[in-house]
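Engineer: Got a structure for you, written out below as structure tokens; questions coming shortly.
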Amino acid sequence: MRKGFALTIGFFDGVHQGHRYLLQQLEELAAANGLSAAAVTFDRHPRTVVQSDFVPSLLTTQEEKLALLSRAFSGKIIVLPFTQELSEMTAKEFMQNILREKLNAELLLMGYNHRFGHGGGNPEDYVTWGQETGIKVCLAKALAGEKVSSSRIRNLISLGEVKKANNLLGYPYFLTGKVTEGKQIGRQIGFPTANLTLPEQKLMPACGVYAVWVTMPDHSKRGGMLCIGHRPTVEQNGEISVEVHIFDFNGNLYGTSISIDFIEKLRDERHFDSLEELQKQLILDAALAQETICHSI
């Protein structure tokens, strides 16, 4: 007879400190009940199915999320395709048809504020439906201290409050992108930059200049300063660009992928009357970025 599972369910965007506390509780419950632990997540944001015009801005791509889950959790990770049929299941139907019959769940750990299934329910409902489907439902404890949620972290990052977001995530917010050729204006004023093309659904921090760590193609880390914005000094109505100046580096990165860890926002984006004024500001930005990076070590 195959060993049953203790499961928890979530989209797990960001795999933040609250998620990791939930997964820790799951592993402990599974061990105490002689079960295997498994985290159930989805292949896409559920709202993209129930709301066809919804375009998510996420803390993590699917690949990033699964990598973070694998590092945080020793159990099995199950990815369910989120389909229209799945979205129309009631919680009890989902527990019976998917969790019990397909995944052999014997125990379900519910996040303290988590609801699932068409029509939802309250915690007592899930306990009752669990009894009716042969699944013991346990309610997780909330992480002590400041409230942690993916939506709150997304809001902080959208405002440029990356330092606060990092505290809730438990690691630096990061972007990974491919280096593409830009207009090389930075090179003309002594600040060459790598222009990044990023995954479409990845949440972009607010426009501005940031102190960052850059993970290079050889996996080494270098300090840098990154600008997100419309480049108002050199373009009118320009599209958003993401450019990073890497300290003490002058190599060719075109076509490679690099990863950016955000440390802190230094200032808002602004217009300068000349490239000379921009250059003077960038010298000040670089000094502040290097000081901020030193304090982050």
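Engineer: Count, please, the residues in the stretch 1-32 that happen to be without any contact (Cβ under 8 Å) to a residue 24 or more places away in the chain and buried (at least 19 other Cβ atoms within 10 Å of the Cβ).
Structural biologist: Qualifying residue count, the stretch 1-32: 0.
Engineer: On to the next question. Output the residue which, of all residues in the stretch 49-59 that are touching a residue at least 12 places away in the same chain (Cβ under 8 Å) and under 14 Å from residue 83 (Cβ atoms), is nearest to the chain's Cα centre (by Cα).
Structural biologist: 49
Rundown of residues vs (1) assigned by TED's automatic domain parsing to the domain that holds residue 53; (2) under 19 Å from residue 60 (Cα atoms); (3) at pLDDT below 90; (4) part of a loop (DSSP other than H, G, I, E, B), yes/no style:
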residue: 195; (1), (2), (3), (4): no, no, no, no
residue: 226; (1), (2), (3), (4): no, no, no, no
residue: 251; (1), (2), (3), (4): no, no, yes, yes
residue: 262; (1), (2), (3), (4): no, yes, no, no
residue: 280; (1), (2), (3), (4): no, no, no, no
residue: 292; (1), (2), (3), (4): no, no, no, no
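Engineer: Give 34, 14 a once-over and let me know the one that is assigned to a loop (DSSP other than H, G, I, E, B), closer than 22 Å to residue 134 by Cα and assigned by TED's automatic domain parsing to the domain that holds residue 135.
Structural biologist: Exactly one of 34, 14 is assigned to a loop (DSSP other than H, G, I, E, B), closer than 22 Å to residue 134 by Cα and assigned by TED's automatic domain parsing to the domain that holds residue 135, namely 34.
Engineer: For the stretch 80-103: of the residues being in contact (Cβ under 8 Å) with a residue 40 or more places away in the chain and part of a loop (DSSP other than H, G, I, E, B), which is surrounded by the most Cβ atoms within 10 Å (Cβ to Cβ)? If you could, list the steps in order and put the result at the bottom.
Structural biologist: Let us first name the residues in the stretch 80-103 that are in contact (Cβ under 8 Å) with a residue 40 or more places away in the chain, namely 80, 82, 87, 92, 95, 99, 103.
Going one step further and asking which of them are part of a loop (DSSP other than H, G, I, E, B), we end up with 82, 103.
On the way: 82: 19, 103: 16.
Selected residue: 82.
Engineer: If you check residue 35 against the conditions, is it farther than 22 Å from residue 67 by Cβ and either buried (at least 19 other Cβ atoms within 10 Å of the Cβ) or free of Cβ contacts under 8 Å to residues at least 40 places away in the same chain (or both)?
Structural biologist: Details: farther than 22 Å from residue 67 by Cβ: yes; either buried (at least 19 other Cβ atoms within 10 Å of the Cβ) or free of Cβ contacts under 8 Å to residues at least 40 places away in the same chain (or both): yes.
Taking the combined requirement at face value, the residue satisfies it.
Engineer: Go through the stretch 226-241 and give me each residue that's over 24 Å from residue 170 (Cβ atoms) and either under 22 Å from the mean Cα position of the chain (by Cα) or not polar (S, T, N, Q) (or both).
Structural biologist: Listed by number, the residues that qualify are 227, 229, 230, 231, 232, 234, 235, 238, 239, 240, 241.
Engineer: Next question, about the same structure. I'm trying to understand the selection: among the residues of the stretch 186-210, which are out of contact with any Lys or Arg (no Cβ under 8 Å at 6 or more places or on another chain), on the phi < 0 side of the Ramachandran plot and not polar (S, T, N, Q)?
Structural biologist: Once the filter is applied, which keeps residues that are out of contact with any Lys or Arg (no Cβ under 8 Å at 6 or more places or on another chain), on the phi < 0 side of the Ramachandran plot and not polar (S, T, N, Q), the stretch 186-210 yields 186, 187, 189, 191, 192, 194, 198, 199, 200, 202, 204, 207.
Engineer: Now for a different question. Condition (residue is assigned to a strand (DSSP E or B) and crowded, with 20+ Cβ neighbours inside 10 Å) applied to the stretch 60-79: is it met by at least one residue?
Structural biologist: At the first step, the residues of the stretch 60-79 found to be assigned to a strand (DSSP E or B) are 76-79.
Checking which are crowded, with 20+ Cβ neighbours inside 10 Å leaves us with none.
No; the residues of the stretch 60-79 include none that is assigned to a strand (DSSP E or B) and crowded, with 20+ Cβ neighbours inside 10 Å.
Engineer: Check whether at least one residue in the stretch 196-215 is of a type in the set (Ser, Thr, Tyr), in contact with an Asp or Glu (Cβ under 6 Å, 6 or more places away or on another chain) and under 12 Å from residue 242 (Cβ atoms), and report yes or no.
Structural biologist: Among the residues of the stretch 196-215, not one is of a type in the set (Ser, Thr, Tyr), in contact with an Asp or Glu (Cβ under 6 Å, 6 or more places away or on another chain) and under 12 Å from residue 242 (Cβ atoms), which makes the answer no.
Engineer: Can you tell me which residue is surrounded by the fewest Cβ atoms within 10 Å (Cβ to Cβ) among those in the stretch 137-167 that are within 23 Å of residue 42 (Cα to Cα) and free of Cβ contacts under 8 Å to residues at least 60 places away in the same chain?
Structural biologist: 151
Engineer: Follow-up. Taking the options 180, 193, name whichever one is crowded, with 18+ Cβ neighbours inside 10 Å and either closer than 21 Å to residue 291 by Cβ or touching a Gly at 6+ places or on another chain (Cβ under 9 Å) (or both). Before the answer, list the steps.
Structural biologist: Details: 180 fails: crowded, with 18+ Cβ neighbours inside 10 Å.
Matching residue, one of 180, 193: 193.
The values are calculated or read from the model by the stated rules, or taken from the named source; none is laboratory data. All values reported here derive from a predicted model rather than from experimental measurement. So basically every Cβ, Gly included, is an ideal-geometry build from the backbone, and we count neighbours across all protein chains shown.
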